[in-house]
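To start, the structure itself, in structure tokens.
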Amino acid sequence: MSDARTPAQIEADIISRREQLAVVLDEIGVRVHPKTIMDDAKARAAEAVDRTAGRAYVAVNRTVSDVKAQFVDEDGAPRLERVIPVALLAVGVVGLIASAKRRRKK
């Protein structure tokens, strides 16, 4: 047996390679098209925003739970020894702000 190919086989190989090359070139054309690049960039940006928002949500939720644990016991009852001083502090700050505004108006 010889490895010699017929002209028809060579021509069939050329046609096959040409078709494969056309498919590859079409794929490259789609990948480098400005709309495709823009859509990919938008998708990556949206993914990054979603990931960041998710992390922020988890962090805020954890912080709120930690703060809540400082003012509520395991049964859900308020810890008055902590709630009352904070409430008094808040009333005092609001009073100071209100009196400062009244002084500025005079």
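Things to note:
- Output for the range 34-75, where each listed residue is farther than 30 Å from Val86 by Cβ and outside any helix (DSSP H, G or I): none
- Residue match in the range 43-61 (condition: without any contact (Cβ under 8 Å) to a residue 60 or more places away in the chain, open to solvent by 70 Å² or more (accessible area, probe 1.4 Å) and touching a Ser or Thr at 6+ places or on another chain (Cβ under 8 Å)): no
- Residues of the range 1-22 that are open to solvent by 80 Å² or more (accessible area, probe 1.4 Å) and in a helix (DSSP H, G or I): Pro7, Gln9, Glu11, Ile14, Arg17, Arg18, Glu19, Gln20, Leu21.
The values are calculated or read from the model by the stated rules, or taken from the named source; none is laboratory data. These numbers were taken from a predicted model, which means no experiment stands behind them. With ideal geometry, Cβ positions are generated from the backbone for all residues, glycine too; neighbour counts draw on all protein chains shown. Note: accessible area is taken over every heavy atom of the protein model, side chains too, but ligands, DNA and RNA are not part of it. Shrake-Rupley method; radii C 1.70, N 1.55, O 1.52, S 1.80 Å.
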